[in-house]
1. Output the residues belonging to the stretch 17-51 that are part of a strand (DSSP E or B) and touching a residue at least 12 places away in the same chain (Cβ under 8 Å).
2. Six or more apart or on different chains, Cβ atoms under 9 Å: show the pairs whose first residue is in the stretch 54-80 and over 12 Å from Val31 (Cβ atoms) and modelled with pLDDT of 90 or more and whose second is surrounded by 10 or more Cβ atoms within 10 Å (Cβ to Cβ) and of a type in the set (S, T, N, Q).
3. Residues in the stretch 20-40 that are at pLDDT 90 or above and either touching a Phe, Trp or Tyr at 6+ places or on another chain (Cβ under 9 Å) or surrounded by 14 or more Cβ atoms within 10 Å (Cβ to Cβ) (or both): how many?
4. From the residues in the stretch 52-89 that are of a type in the set (S, T, N, Q) and either out of contact with any helix residue (DSSP H, G or I) (no Cβ under 9 Å at 6 or more places or on another chain) or assigned to a loop (DSSP other than H, G, I, E, B) (or both), which one is surrounded by the most Cβ atoms within 10 Å (Cβ to Cβ)?
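The values are calculated or read from the model by the stated rules, or taken from the named source; none is laboratory data. Everything quoted here is computed from the prediction, not taken from an experiment. Cβ: placed from backbone, ideal geometry, glycine included. Neighbour counts: every protein chain shown.
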Amino acid sequence: MVLAGETATLLSASSTPWASATFQGGRHIIVIGFTDTVALDALAARVGEAEFHIPGHIVADVSIDRRESLAATHSDGPQATLHLSALVIEDW
C-alpha cells in the first residue's frame, strides 16, 4: 500500500491457488480505493514496472483489470477504484 500513497485504502483482496507444470503460487485480486485520482493515476502508471519484495516469492505479473470512477456519495469515501491482478509464484 505504500506504493499506492496516503489517499489509498485497501477495499478488498482475494487469492486463489495457481499452478503450472513447473511453478506454483497464487493469483491475487486486489481492489484499492482512492480519494485522490492523482494518486490513482500515479500508481496505474508505475505498477507494471514496480519491484515487489516478498520473501520466498516472485511477482511474475501484475495487471490493471479495471479502473472505475465512483459517484461522489460521501465526501470522505473513495472517488475511484483500481482493480489489480497479481500472479505470485514460489521461489524455490
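1. First, the residues of the stretch 17-51 that are part of a strand (DSSP E or B): 17-19, 24-34.
Of everything in the stretch 17-51, those that are part of a strand (DSSP E or B) and touching a residue at least 12 places away in the same chain (Cβ under 8 Å) turn out to be Trp18, Gln24, Gly25, Gly26, Arg27, His28, Ile29, Ile30, Val31, Ile32, Gly33, Phe34.
2. That search, which allows pairs on different chains as well, returns Asp61/Ser85; Val62/Ser85; Ser63/Ser85.
3. Within the stretch 20-40, the subset at pLDDT 90 or above is 20-34.
Add one more test, that the residue is either touching a Phe, Trp or Tyr at 6+ places or on another chain (Cβ under 9 Å) or surrounded by 14 or more Cβ atoms within 10 Å (Cβ to Cβ) (or both), and what stays is 23-34.
Matching residues across the stretch 20-40 total 12.
4. Kept after step one, since they are of a type in the set (S, T, N, Q), are these residues of the stretch 52-89: 63, 69, 73, 75, 79, 81, 85.
From the residues that got through so far, the ones that are either out of contact with any helix residue (DSSP H, G or I) (no Cβ under 9 Å at 6 or more places or on another chain) or assigned to a loop (DSSP other than H, G, I, E, B) (or both) too are 73, 75, 79, 85.
Values: Thr73: 6, Ser75: 7, Gln79: 18, Ser85: 14.
Checking each candidate, the answer is Gln79.
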